[in-house]
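A.B. asks: Take a look at this one; I'll ask things after.
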């Protein structure tokens, strides 16, 4: 907590709602009052609140790397009881209630398709990127050196481990 207090609880991250979920009694509830939360540690993963959702901290330095984990519900019911990703119907996996969120289990024909967006912060500014070109645009003064590093080390901007190596290296060449 921002006040220095440490609370321990069984937590999980719901990628559909982008909220931290905990168990209280027999109920699944969302972590609320995020303005009071400094950091959440899940296993060895560190998360920080960012508005109404959380970023995972992947690398910390004067240039830091973060991930936003999201999920998309797939396999919606279509005509004649079949499932279809193209169906325009939208079905909820949970419902907001006054006390928190109530869990509505997904039927077998549904699944959650994960998606991770990456961000870097430098000089207290946040930059989201989806490609190598967008990453290079964040560091125009070193783009040639970074591009060479990416090529020589076969860095893929859609792989977390590669991005951690890239950002760690950027910290060593960018003051």
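The values are calculated or read from the model by the stated rules, or taken from the named source; none is laboratory data. None of the values given here were measured: they were computed from a predicted structure. Note that each Cβ is placed from the backbone with ideal geometry, even for glycine, and that neighbours are counted across all protein chains shown.
A.B. asks: Got a number for residues in segment 131-175 being in a helix (DSSP H, G or I), surrounded by 14 or more Cβ atoms within 10 Å (Cβ to Cβ) and in contact with a helix residue (DSSP H, G or I) (Cβ under 8 Å, 6 or more places away or on another chain)?
C.D. replies: Final tally of qualifying residues: 13.
A.B. asks: For residue 57, which of the numbered conditions (1) over 28 Å from residue 174 (Cβ atoms); (2) outside any helix (DSSP H, G or I) fails to hold?
C.D. replies: With respect to (1) over 28 Å from residue 174 (Cβ atoms); (2) outside any helix (DSSP H, G or I), residue 57 is out only on (1).
A.B. asks: Further question on the same structure: Which of (1) modelled with pLDDT of 85 or more; (2) not in a strand (DSSP E or B) does residue 72 not meet, given it meets every other one?
C.D. replies: Single failed check for residue 72: (2).
A.B. asks: If I ask for residues that are more than 18 Å from residue 72 (Cβ to Cβ) and either at pLDDT below 90 or out of contact with any strand residue (DSSP E or B) (no Cβ under 8 Å at 6 or more places or on another chain) (or both), which ones from segment 107-132 would you list? Walk me through how you get there before you give the answer.
C.D. replies: At the first step, the residues of segment 107-132 found to be more than 18 Å from residue 72 (Cβ to Cβ) are 119-127, 129, 131-132.
Residues satisfying the conditions are 123, 124, 125, 131, 132.
A.B. asks: Follow-up. Filter segment 13-34 down to residues that are under 22 Å from residue 58 (Cα atoms) and at pLDDT below 80 and give me whichever is surrounded by the fewest Cβ atoms within 10 Å (Cβ to Cβ). Steps first, answer last, please.
C.D. replies: Of the residues in segment 13-34, the ones under 22 Å from residue 58 (Cα atoms) are 13-21, 31, 34.
From the residues that got through so far, the ones that are at pLDDT below 80 too are 31, 34.
On the way: 31: 19, 34: 17.
Among those residues, the one meeting the criterion is 34.
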